[in-house]
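Quick notes on the structure that follows.
The values are calculated or read from the model by the stated rules, or taken from the named source; none is laboratory data. Note that the coordinates shown come from a computational prediction; the quantities given were computed from them, not determined experimentally. With ideal geometry, Cβ positions are generated from the backbone for all residues, glycine too; neighbour counts draw on all protein chains shown. Note: accessible area is taken over every heavy atom of the protein model, side chains too, but ligands, DNA and RNA are not part of it. Shrake-Rupley method; radii C 1.70, N 1.55, O 1.52, S 1.80 Å.
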Amino acid sequence: MSSEATRRAVDAAIVPLVASLGPWGVHEGHWLPGRDGHPVLWFRTRTEAEATALQGQVWLVAQVQVVLQRVGVPPSDVARVGLQFSSGQAEARLFEE
């Protein structure tokens, strides 16, 4: 994933992805290139239960891939996209310990 156009396309996908996953508790998202250069998207929910429930949905990867394709991310990057999840609860616990 070396082209600036691809990076801009992944940036453009974050807002519609967060909006479409909002009913599942997602309220933030961002991305970075992974070790292999393909995008890794991080989604943040408020609770751990929301993050766990979302991760278990069989449609999730397909939905992310469709949005990425719609904004112009090349198929080679779409096929190798990584997903990560965190929650406000888990992050707060890190600071308590």
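Which of the residues belonging to the stretch 20-31 are touching a Lys or Arg at 6+ places or on another chain (Cβ under 6 Å) and either at negative phi or open to solvent by 30 Å² or more (accessible area, probe 1.4 Å) (or both)?
Passing the criteria: only Glu28.
If Val78 passes every condition in (1) without any contact (Cβ under 8 Å) to a residue 24 or more places away in the chain; (2) of a type in the set (A, V, I, L, M); (3) open to solvent by 30 Å² or more (accessible area, probe 1.4 Å) but one, which one does it miss?
Checking Val78 against (1) without any contact (Cβ under 8 Å) to a residue 24 or more places away in the chain; (2) of a type in the set (A, V, I, L, M); (3) open to solvent by 30 Å² or more (accessible area, probe 1.4 Å), the one that fails is (3).
Against the condition in a strand (DSSP E or B) and of a type in the set (S, T, N, Q), how does Ser76 come out, does it pass?
In short, no.
Count, please, the residues in the stretch 6-21 that happen to be small (Gly, Ala, Ser), under 11 Å from Val64 (Cα atoms) and touching a residue at least 60 places away in the same chain (Cβ under 8 Å).
Of the residues in the stretch 6-21, 1 are small (Gly, Ala, Ser), under 11 Å from Val64 (Cα atoms) and touching a residue at least 60 places away in the same chain (Cβ under 8 Å).
Looking at this structure, is Ala92 farther than 19 Å from Glu4 by Cβ and touching a helix residue (DSSP H, G or I) at 6+ places or on another chain (Cβ under 9 Å)?
In short, no.
Which of the residues spanning the stretch 32-69 are open to solvent by 20 Å² or more (accessible area, probe 1.4 Å), touching a helix residue (DSSP H, G or I) at 6+ places or on another chain (Cβ under 8 Å), outside any strand (DSSP E or B) and more than 14 Å from Thr6 (Cβ to Cβ)?
Across the stretch 32-69, the qualifying residues are Arg46, Thr47, Glu48, Glu50, Ala53, Gln57, Gln63, Gln65, Val67.
Given the options Ala9, Ala13, Ala90, name the one that is over 15 Å from the mean Cα position of the chain (by Cα) and in a helix (DSSP H, G or I).
Exactly one of Ala9, Ala13, Ala90 is over 15 Å from the mean Cα position of the chain (by Cα) and in a helix (DSSP H, G or I), namely Ala90.
In the stretch 19-77, what residues are within 22 Å of Ala92 (Cα to Cα), of a type in the set (S, T, N, Q) and in contact with a Ser or Thr (Cβ under 8 Å, 6 or more places away or on another chain)?
Result: Thr45, Thr47.
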